[in-house]
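Structure, as structure tokens:
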Amino acid sequence: QVQLVESGGGLVQPGGSLRLSCAASGSIFRIYTMGWYRQAPGKQRELVATITSGFSTNYADSVKGRFTISRDNAKNTVYLQMNSLKPEDTAVYYCNARRRNTAGVEYDYWGQGTQVTVSS
């Protein structure tokens, strides 16, 4: 059982910045990968960025160079710094944590989502 709580969403003008935070609690042991996904109305949920416990990162092409994912393992928290925001970044952003149990089975946990709106 893992609980994820996101914060930091809001309304921002194009070109602006936001920083999202996601804190994990509960059975946080063996969480390997954390990340951010987003879903716009009428569209599929898509990967934004992920980061492993060893700080290896992966980004969607659409955000590469603009977004930075980071992680504080001691605090079980993942961050997403979003710069040069565009209207197409508008979506509900979801925090994700992937945990592997003692049998080696992976399971994904999701936060409640935080709205990011980029509009002038």
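The values are calculated or read from the model by the stated rules, or taken from the named source; none is laboratory data. Computed from a predicted model, the values in this text were never measured in an experiment. Cβ atoms come from the backbone with ideal geometry, glycine included; neighbour counts cover every protein chain shown. Remember, those area values only see protein heavy atoms, side chains included, never the ligands or the DNA or RNA. Shrake-Rupley method; radii C 1.70, N 1.55, O 1.52, S 1.80 Å.
Summed over the range 32-48, residues that are more than 17 Å from Phe67 (Cα to Cα) and among the aromatic types (Phe, Trp, Tyr) total 1. Scanning the range 1-17 for residues that are open to solvent by 30 Å² or more (accessible area, probe 1.4 Å) and part of a strand (DSSP E or B) yields a total of 4. Taking the range 83-107 as the range and being touching a residue at least 60 places away in the same chain (Cβ under 8 Å), closer than 26 Å to Lys64 by Cβ and not in a strand (DSSP E or B) as the test, the residues that pass are Asn83, Ser84, Leu85, Lys86, Pro87. May I ask you to list the residues in the range 22-66 that are under 13 Å from Tyr93 (Cβ atoms), assigned to a strand (DSSP E or B) and open to solvent by 30 Å² or more (accessible area, probe 1.4 Å)? Result: Tyr37, Gln39, Glu46, Leu47. If the condition is being of a type in the set (A, V, I, L, M) and under 23 Å from Ser27 (Cα atoms), then the range 52-103 contributes Ile69, Ala74, Val78, Leu80, Ala97, Ala103.
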